[in-house]
1. Using amide H atoms built in the peptide plane, which far-off residues or other-chain residues are under 5 Å from residue 147 H to H?
2. Which whole-Hz couplings ³J(HN,Hα) result when phi for each residue of region 35-46 is put into the Karplus expression 6.51 cos²θ - 1.76 cosθ + 1.60, θ = phi - 60°, listed in order with x for Gly and Pro?
3. So, counting K/R as plus one and D/E as minus one, what does the shell of residues with Cβ under 12 Å around residue 147 add up to?
4. What ranking, highest mean first, results for peptides 29-37, 189-197, 100-108, 139-147 when packing means the other Cβ atoms within 10 Å averaged over each residue?
5. Among 132, 84, 187, whose Cα lies farthest out toward the positive end of the dipole of region 61-204, if unit charges sit on the beta carbon of Lys, Arg (+1) and Asp, Glu (-1)?
6. What ³J(HN,Hα) values, in whole Hz, does the Karplus curve 6.51 cos²θ - 1.76 cosθ + 1.60 give for region 130-147 when θ = phi - 60°, with x put for Gly and Pro?
7. Quick check on the exposure proxy: order 89, 70 from fewest to most C-beta atoms within 10 angstrom.
8. In which sequence would 148, 25 go, from the one with the fewest C-beta neighbours within 10 Å to the one with the most?
Amino acid sequence: MEATSSGPGSHPVYALLRHLTLPVVAITTSAGGRANGFIVNSAQRASLVPSVPRISLLVSKTNFSHDLIYASGLFGVHLLRTDQFDLIYQLGFRSGRDVPDKLEGLPVRTGVTGCPMLEDVRAAFECRVVNAMDAGSATFFLGDVVDVRDGTPGDIMTSTFFRQNLPPDRLRVYEAQLEAAQKKLEPLAHQVAVRPWPGPTTGP
């Protein structure tokens, strides 16, 4: 089900842009000993050269994990299966500002960079940031893929499948949270700072 006519997807341009939406993935990161995870549909392949695999990731500046990625230069991208709604609820419907450890209870391993990586996923890509660009309301991170783990086979969780199969009560929560986030980000979207990323300032 798409957003209602008065919801966050009702803007005509935004509705058309949803045709460009990427799969729903889980992102993990850590900095200064604090780990966190969240859900996005903004990660994509960012290299035309097979021997140099890269992933780009757009992260809202109001997201708790944004500053963790910016500080450590580390993030994990996890392809999810269509049977992993519970994982999406755990990581995507709560903020790291309100929960001491969103990864609690999940099978997690320490990656080669020290980044926490989820075990039970379709595939996991561990990344080290090589560049970051300010995008107004978000930061666009470009990461080298430094490790890949293939996981349990299954159909990939797409954005369309996610919206069409969310229970009505969860859909209402999702749309309310999305609308609130968009209102908070709107003033930031108009101001893009052209500045270089200083590089990591802390470890995982």
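Just so you know, all these numbers are worked out from the coordinates, no wet-lab data involved. Treat the numbers as computed from the prediction; the structure is a model and nothing was measured. Don't worry about glycine lacking a Cβ; one is built from the backbone with ideal geometry, like all the others, and counts go over all protein chains shown.
1. 126
2. Result, ordered by residue: 9, 7, x, 7, 10, 9, 10, 10, 9, 8, 4, 10 Hz.
3. Charge balance in the 12 Å sphere: 0.
4. Going by the mean number of other Cβ atoms within 10 Å, highest first, we get 29-37, 139-147, 100-108, 189-197.
5. 187
6. Values, residue by residue: 10, 6, 8, 10, 5, 10, x, 7, 8, 10, 9, 9, 10, x, 6, 7, 9, 7 Hz.
7. Arranged by neighbour count, lowest to highest, 89, 70 become 89, 70.
8. 148, 25
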